[in-house]
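Here the structure comes first, spelled out in structure tokens, and everything after it is commentary.
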Amino acid sequence: MIWIILRKELAYHITTARAFIFLIISISLFVINGLTFVGAYKSDVETYGDPRAESRVGRSTIGTALTAKPNPLEFCVEGNAHIRPRMLSINLDGTIQSQRRSQYENFKLPDVRRIDWSFIIQTIYALFCVVLTFDAISGERLRGTLRLMASNSVSRAQILLGKYLAVLIISLAVLLIGGLISLAIINLLSVAIPMKADVVPLLLFVLLSMFYVSLFVSMSLLASSLTRTSATALLSLLFIVIVLVFVVPNMAGIIAGKLVDAPTDYETRARSDAVGTEYVEAARELRERIQNGIIKDRDEIVKADRETYLRMVEDRKQIQKEYESGLMGKQKMAEALALISPSSAFQASGESLANSGAVFQRRFRSAAERYQVIYLGYVESKVGEIIPTWQPPGTFRLPDKSIINIPEVRPKQYDGDMSDLPLFAYPNPSIPERLQSALFNTALLVLWNVICFLGAHIIFIRRDI
Amino acid sequence: MIRYIVAREFLDSLESLRFIISTVLCIFLIVFTVYVSTGDYVDRLRDHNAAVAAHEEERMRTYQPKIYRKPQPLGIFSEGVDKHVGNMVEIRIWESPFRAKGYGWQSRETEYMASFASIDVAFTIKFVLSLLAIFLTYDAVSGERESGLLKLVLSNSISRGAFLIGKLLGRLLCLLIPLTMGVIISLLFLLTNPSIQLEGADWIRIGIFFGVALSYVSVFLCAGLAVSAVARSSASSLIILLTVWILTIAIHPVLSVIAARNLHPIDSPRTMERKVRSIEEEYQKRLNEIWAIISQLRKEGKDQIEYVIQYNTINMEKGQVVDKTKQDFLNQFTAQASFAENLSRLSPAGCFSNAAEAIVSTDIGAYDKFIERTRQFWHQHVTQRKKWEKLLRENMEEARKIEFPEEPVVEYPLAESIQRAAPDIALLILFTGLCFIASYALFARCEV
């Protein structure tokens, strides 16, 4: 019996204008996705290298840089990669710095989210699933056809399931059509994507999308069962979609900013400048001590000068660390708060599967930290000692007017063969690792689904038709 | 007769659940965002004042000009680019100003909080109030047609035009409630905060912002009436309007930027970096040679002033030559951004955003003025500095008389803001007019 209901529902939806509009908008956006991805990807490959090539590390013992390769799955989940830094500098003083994006990028253009599959599914699919399903129960109740259907030997659960599956199948069909068109455009324009290794994550993303879409279908069935008129159902659902998809994810960042006491950019710079001022003061005191004959020995002077400089470097490093720690805390809080919205849970899961966005940012940083330990060990083996930072030359005048010139101190560059420089293990997690990382957020989506579908089921069974 | 229709529509809408829920949501969002934005503005103002004070102190010791951009108090209404572009330019003789430092590009916060956009009053108006306008009008005509009331109403001595105007005005009055409450709440936060001082021009800006917001929601009211007049059922009307809404609010702004990048391409960042580097390399060789001489003289404890002057002069020359290339880059950026802005004007949401940002001076136009002023200052400073360096060798007394320009404080007069916002305000009025004419034309011809 359920197949009859399913067929009926599919036939009904396929002939409606709303399904047609859904298909047209979806295809248009996927076409734009394909076209824009190709341009951006080719530019990234030109700048940052081919993702298929081995990760190259700069052969130097005075610091090196690690580059995030272009991600072939960015057409699927871009994760704001165009804002995030692509390069990390590994410094000898133990710090890792992200390299700013070029100052020659057009900052006058508004910073907008890229049209990736995740954006299309989060906004358009969520909205149209609501539009396709809001009158599934209430509409039929008003028209009187629900009673006729229920008077047959078909359970209410089967009616509900039939309606649910019909919209899900249509959404899947539209997604597959749009997705294949996007992939066709990408491949036609000479970018061989997806690569073999990306097929499984891509299929998993499609499955994840179905969880997300199914949630809004369940929610719509719940609202449709609860309300007396279709218009009321639609209005309530639209409010919920606006709040969950647009408002909550953005508010999470604002609330996190209020809850987490992270130092501001200016405060950090001011503290860093204050350390610089302290260093100047300490250097002046050192000169006074030399002038007063308290320190006379050349080696002692060089040592005192070096220690003062390194103390300044260490203090600044500590300030940066506190700043980053504050920002990381803020980010984690914002991500946790955003999980109230299934849209954010979907985005986070998608980023885990596609290895992009904030998830990739953390993996890249962790991999860089692990590599830094190996790199510093390697540098020490090659040049003997690690000089953490460059110090400019200095001049000190002794009481007898003679001058001590202190040469600059530079980290040592090894001139020999560095072909044995360890390779950087680029963070490319396996499928099980990606699934594990996406597990929590996917479980949240499944939980939402279960709650909404069960709710719809219970309400529909108990309501008078 | 119109009066009765207006009163009826107003009271009907006021009692509806959709209005109550939308208004509550709207007020909640505005209260929340204004509370956060005000706190954020106060923090940024405090940082700005501290930075300016520290710079004043520093000037006593070493003259290193810095020009600061004050945060805009009315940024709580429309944040614009205020927090995304820099707020300070350091004047260095060897490098003309190109981008301000501070927020956005130079801030680590952007890296960590990339996934989270911010909300301001303009966002709430753009998303929630426009949706409320749709909710109030999607069944304005179709609903009455379905229930049979429309025939009864029009059987009286009332023209279709008067009926439509009555509907529009009644619902507009309704929308004024959350809009006015939102603006009043924002003002209360501003006025009760001792760190924030509003001037006369600011009040005019707030008034214009209110007018722009009203014009924006009127577009959706008229569009709602137009679709409601022609749709077969209320549900169809709502679906059509929602589709238009999502395309206008969420999709079109993204598409206009994508279209600008692809249809109005500019030199890539790499190409620009290469151009600048090729010019700098020519000068760098000479600079390195002179620096080697200075280091040697310093070691020997000899006088290096002549070579330091030579070094600085060549550095300034390098800065001036590179500046011409940088000006070309800025022109390219502006051209591409203008193209995107013009495309965004096809949507009332784009017009509203542009107008709101321009009125409160948080748009890219205000930032451009700041950068332009700092660049002018840099040219004046370098010119004087060159004279000073030259006289340092020849005549110390004359060198002391050289006056350097004062660091400018960039203001944003109201007239300039209105000028920048004018095209978008005019377009919003045009959109409203066109939608109303369309609704009238469609309603005049439709069956009741």
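Being in contact with a Pro (Cβ under 7 Å, 6 or more places away or on another chain) and buried (at least 16 other Cβ atoms within 10 Å of the Cβ) is the requirement here; does A:Y309 meet it?
no
Quick check on my filter: what residues within the stretch A:112-128 are more than 8 Å from chain B (Cβ to nearest Cβ) and part of a loop (DSSP other than H, G, I, E, B)?
A:D116
Name the residue, out of B:H48, B:H55, that is in contact with a strand residue (DSSP E or B) (Cβ under 9 Å, 6 or more places away or on another chain), under 30 Å from B:G207 (Cα atoms) and either within 11 Å of another protein chain (Cβ to nearest Cβ) or assigned to a helix (DSSP H, G or I) (or both).
B:H48
Could you name every one of the strands (runs of 3 or more DSSP E) located completely within the stretch A:1-111 that has at least 2 residues being within 14 Å of chain B (Cβ to nearest Cβ) and among the aliphatic types (A, V, I, L, M)?
Answer list for the stretch A:1-111: A:87-90.
Looking at (1) crowded, with 21+ Cβ neighbours inside 10 Å; (2) within 13 Å of another protein chain (Cβ to nearest Cβ); (3) within 25 Å of the chain's Cα centre (by Cα), can you tell me which one A:S182 breaks?
(2)
Which of the residues spanning the stretch A:203-224 are farther than 20 Å from A:I242 by Cα and buried (at least 21 other Cβ atoms within 10 Å of the Cβ)?
Residues satisfying the conditions are A:F205, A:L208.
Please work out if A:S209 is touching a Phe, Trp or Tyr at 6+ places or on another chain (Cβ under 6 Å) and touching a residue at least 24 places away in the same chain (Cβ under 8 Å).
no
Filtering the stretch A:129-153 down to residues that are surrounded by 22 or more Cβ atoms within 10 Å (Cβ to Cβ) and of a type in the set (A, V, I, L, M), which residue is farthest from the other protein chains (Cβ to nearest Cβ)?
Residue satisfying both the conditions and the ranking: A:I137.
Rundown of residues vs (1) farther than 30 Å from B:Y311 by Cα; (2) among the charged types (D, E, K, R), yes/no style:
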position	(1), (2)
B:S344	yes, no
B:N354	yes, no
B:L391	no, no
B:D424	yes, yes
B:C446	yes, no
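For residues in the stretch B:247-271 being farther than 12 Å from A:V112 by Cβ and part of a helix (DSSP H, G or I), which is nearest to the other protein chains (Cβ to nearest Cβ)? Even if it seems obvious, please write down each step before you answer.
Residues of the stretch B:247-271 that are farther than 12 Å from A:V112 by Cβ, as a first pass: B:247-249, B:262-271.
From what is left, the residues that are part of a helix (DSSP H, G or I) are B:247-249, B:262-263, B:269-271.
Values: B:L247: 7, B:T248: 13, B:I249: 9, B:N262: 7, B:L263: 12, B:P269: 4, B:R270: 6, B:T271: 8 Å.
So, considering only residues that are farther than 12 Å from A:V112 by Cβ and part of a helix (DSSP H, G or I), the one nearest to the other protein chains (Cβ to nearest Cβ) is B:P269.
Kindly indicate whether any position in the stretch A:267-285 is surrounded by 20 or more Cβ atoms within 10 Å (Cβ to Cβ), more than 14 Å from chain B (Cβ to nearest Cβ) and either over 21 Å from A:P399 (Cα atoms) or among the β-branched types (V, I, T) (or both).
Scanning the stretch A:267-285, I find no residue that is surrounded by 20 or more Cβ atoms within 10 Å (Cβ to Cβ), more than 14 Å from chain B (Cβ to nearest Cβ) and either over 21 Å from A:P399 (Cα atoms) or among the β-branched types (V, I, T) (or both), so the answer is no.
Tell me the residue from B:Y35, B:Y41 that is farther than 30 Å from B:S155 by Cα, buried (at least 20 other Cβ atoms within 10 Å of the Cβ) and either touching a residue at least 60 places away in the same chain (Cβ under 8 Å) or among the aromatic types (F, W, Y) (or both), please.
B:Y41
Going through the stretch A:151-196 one residue at a time, which ones are without any contact (Cβ under 8 Å) to a residue 24 or more places away in the chain and part of a helix (DSSP H, G or I)?
A:A173, A:L180, A:N187, A:L188, A:K196
Assuming B:S278 fulfils every condition listed in (1) touching a residue at least 12 places away in the same chain (Cβ under 8 Å); (2) away from chain A (no Cβ under 12 Å); (3) of a type in the set (G, A, S) apart from one, which condition is it?
Going through the list (1) touching a residue at least 12 places away in the same chain (Cβ under 8 Å); (2) away from chain A (no Cβ under 12 Å); (3) of a type in the set (G, A, S), B:S278 breaks only (1).
Do we find a residue being of a type in the set (G, A, S) and either buried (at least 20 other Cβ atoms within 10 Å of the Cβ) or touching a His at 6+ places or on another chain (Cβ under 7 Å) (or both) anywhere in the stretch B:291-302?
no
Select, from B:Y138, B:Y103, the only residue that is modelled with pLDDT under 85 and buried (at least 19 other Cβ atoms within 10 Å of the Cβ). Before you say what the answer is, go through the steps one by one.
On the way: B:Y138 fails: modelled with pLDDT under 85.
From the options B:Y138, B:Y103, the qualifying one is B:Y103.
Residue by residue, here is whether (1) modelled with pLDDT of 90 or more; (2) surrounded by fewer than 20 Cβ atoms within 10 Å (Cβ to Cβ); (3) in a loop (DSSP other than H, G, I, E, B); (4) not aliphatic (A, V, I, L, M) holds:
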site	(1), (2), (3), (4)
A:E322	yes, yes, no, yes
A:G329	yes, yes, no, yes
A:A336	yes, yes, no, no
A:R370	yes, yes, no, yes
A:E380	yes, yes, no, yes
A:K401	no, yes, yes, yes
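Look through B:I314, B:I364 and report the one residue that is crowded, with 20+ Cβ neighbours inside 10 Å and not acidic (D, E).
The match here is B:I364.
Determine which single condition A:P392 fails, assuming it passes every other condition in (1) free of Cβ contacts under 8 Å to residues at least 12 places away in the same chain; (2) surrounded by fewer than 12 Cβ atoms within 10 Å (Cβ to Cβ); (3) not aliphatic (A, V, I, L, M).
It fails just one condition, (1).
Evaluate the following for B:F77: is it within 30 Å of A:V241 (Cα to Cα), more than 10 Å from every other protein chain (Cβ to nearest Cβ), out of contact with any Ser or Thr (no Cβ under 6 Å at 6 or more places or on another chain) and crowded, with 20+ Cβ neighbours inside 10 Å?
Values: within 30 Å of A:V241 (Cα to Cα): yes; more than 10 Å from every other protein chain (Cβ to nearest Cβ): yes; out of contact with any Ser or Thr (no Cβ under 6 Å at 6 or more places or on another chain): yes; crowded, with 20+ Cβ neighbours inside 10 Å: yes.
Here the answer is yes, as B:F77 does meet what is asked.
Just one of the numbered conditions (1) assigned to a helix (DSSP H, G or I); (2) under 22 Å from A:K258 (Cβ atoms); (3) away from chain B (no Cβ under 12 Å) is not true of A:S366; which one?
If we test A:S366 against (1) assigned to a helix (DSSP H, G or I); (2) under 22 Å from A:K258 (Cβ atoms); (3) away from chain B (no Cβ under 12 Å), just (2) comes out false.
Which ones in the stretch A:258-314 are within 46 Å of the chain's Cα centre (by Cα) and not in a helix (DSSP H, G or I)?
Matches in the stretch A:258-314: A:V260, A:D261, A:A262, A:P263, A:T264.
Any residue in the stretch B:327-347 that's more than 9 Å from chain A (Cβ to nearest Cβ) and part of a helix (DSSP H, G or I): show its pairings with residues that are buried (at least 21 other Cβ atoms within 10 Å of the Cβ) and of a type outside the set (V, I, T) at Cβ separation under 6 Å, as long as the two are six or more apart or on different chains.
So the pair list comes out as B:F339/B:A260; B:L343/B:S256.
In this structure, is B:S237 more than 8 Å from chain A (Cβ to nearest Cβ), of a type in the set (G, A, S) and surrounded by 15 or more Cβ atoms within 10 Å (Cβ to Cβ)?
yes
For the condition more than 30 Å from B:H48 (Cα to Cα) and in contact with a helix residue (DSSP H, G or I) (Cβ under 9 Å, 6 or more places away or on another chain), what is the one hit in B:S353, B:S439?
Every option except B:S439 fails the conditions.
Under the condition of being in contact (Cβ under 8 Å) with a residue 24 or more places away in the chain and more than 40 Å from the chain's Cα centre (by Cα), which residue from the stretch B:391-429 is farthest from B:I364 (Cα to Cα)?
Top of the filtered list is B:R393.
List every residue pair whose Cβ atoms lie under 8 Å apart, where the two residues are 6 or more positions apart in sequence or sit on different chains, the first residue falls within the stretch A:227-254 and is over 17 Å from B:A133 (Cα atoms) and facing chain B (nearest Cβ under 7 Å), and the second residue, located anywhere, is surrounded by fewer than 21 Cβ atoms within 10 Å (Cβ to Cβ) and polar (S, T, N, Q).
A:N250/B:S118; A:G253/B:S118; A:I254/B:S118
The values are calculated or read from the model by the stated rules, or taken from the named source; none is laboratory data. None of these values were measured; they are calculated from a predicted model. Glycine also receives a Cβ, built like all others from the backbone with ideal geometry; neighbour counts cover every protein chain displayed.
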